[in-house]
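Q: The following block contains the structure, expressed as structure tokens.
Every number in this text was worked out from the coordinates using simple rules, so none of it is lab data. All of these numbers come straight from a predicted model, not from anything done at the bench. When we count neighbours, we look across all protein chains shown, and the Cβ atoms used for this are built from the backbone with ideal geometry, even at glycine.
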Amino acid sequence: MSVDCIIEDRRWAEAGILQIAFQAYDATLRKLGYNPERFEIGLLACNDDKIADLNAEFRGQPTPTNVLSWPSAERGAEDDGGKPLEVLQEMSGDTFLGDVAISYDTCLAEAQNADKSLKSHTLHLLIHGTLHLFGYDHELDADAELMERLETQILATLGQPDPYSQQSRQGGAHSG
């Protein structure tokens, strides 16, 4: 797998963002039935100021958020709660899935609020962002249930607890 990572906030480098990203992306692609070696993902590891600018520009919400995703193509499901469109397996070489941006400040605050480690919460957010690249979303209840179930299953493969259990719900919602 290729991860094109831009680290704008050095705290992410100190936290080991690249290693965390590889774990999250590898586990997500494998769970979805894809060979991670065939895909490329862009990652911007930034702070609240930068992600607020991006959130304003792309979502019209000039506030910080935890994670944002920009899929390289529309892959969303046609039916509520349905599986998104398949990524073409037969493409040769790396296939660019899209970009993910994650804010250190919001991620750290949410992790502390939920009494989680920064690594555990970052894994969750990067899995969440990667699922968005594949067309999963949480706009409708049935879609959110599917996405949350996948996140929980993927996190379990990494030895991480269910982030949607009652004890974990304090950590904040995901933006997209």
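Q: For every helix of n ≥ 4 consecutive DSSP H residues, a contribution of -39,500 (n - 2.57) applies; sum these over the chain, divide by its total residues, and give [θ] at 222 nm rounded to the nearest 500 deg cm²/dmol.
A: The helix-only estimate for the chain comes to -13500 deg cm²/dmol at 222 nm.
Q: Once the convex hull of the C-alpha atoms of the chain is built, how many Å³ does it hold per residue, rounded to a whole number? Please list the in-between numbers first.
A: Numbers: hull volume 18.8 nm³, N = 176.
Considering the Cα atoms of the chain, their hull volume per residue is 107 Å³.
Q: Arranged from highest to lowest average of other beta-carbon atoms within 10 Å per residue, in what order do the peptides 2-12, 60-70, 23-33 appear?
A: Numbers: 2-12: 16.1, 60-70: 18.0, 23-33: 19.9.
In descending order of packing, they fall as 23-33, 60-70, 2-12.
Q: What is the set of long-range amide H partners of Phe134 at a cut-off below 5 Å, with H atoms built 1.01 Å from backbone N?
A: Residues meeting the criterion, in which the H sits 1.01 Å from N, do not exist here.
Q: Would you pull out the residues with amide H under 5 Å of Lys116's amide H, same chain only if 5 or more places away, H placed 1.01 Å from N?
A: Residues meeting the amide H criterion: none.
Q: Binning at 5 Å from 0, report for segment 52-148 what percent of all alpha-carbon pair distances ends up in each bin.
A: 3, 12, 18, 20, 22, 14, 8, 3, 0
Q: Please give the contour-minus-distance gain from Asp137 to Asn113: 0.36 nm per residue of separation, less the Cα-Cα distance, rounded to one decimal in nm. Don't skip to the answer; put the middle values down first.
A: On the way: separation 24, 0.36 × 24 = 8.64 nm, distance 2.42 nm.
6.2 nm is the gain from fully extending Asp137 to Asn113.
Q: Suppose R0 equals 35 Å; then what is the FRET efficiency for Arg11 and Glu145 from their Cβ-Cβ distance, rounded to the nearest 0.05? If you can, show how the numbers build up before the last one.
A: Working: r = 34 Å, r/R0 = 0.96.
According to the calculation, E is roughly 0.55.
Q: If you plug each phi of segment 126-138 into the Karplus form 6.51 cos²θ - 1.76 cosθ + 1.60 with θ = phi - 60°, what whole-Hz ³J(HN,Hα) values come out, in order, with x for Gly and Pro?
A: These are the phi-based 3J(HN,Hα) values: 6, 5, 4, x, 5, 4, 4, 5, 8, x, 6, 8, 9 Hz.
Q: Shifting gears a bit: With the crude spin-label approximation of a point 7 Å out along Cα→Cβ, what separation in nm comes out for Gln19 versus Glu37?
A: Output for this residue pair reads 2.3 nm.
Q: Here's a follow-up. Amide H neighbours of Gly98 under 5 Å, at least 5 residues apart or on other chains, H built in the peptide plane: list them.
A: Excluding prolines and chain starts, which carry no amide H, the hits are Gly42, Ser72.
Q: What is the spin-label model distance, in nm, from Glu78 to Thr157 if the labels are put 7 Å beyond Cα along the C-beta direction?
A: 2.7 nm
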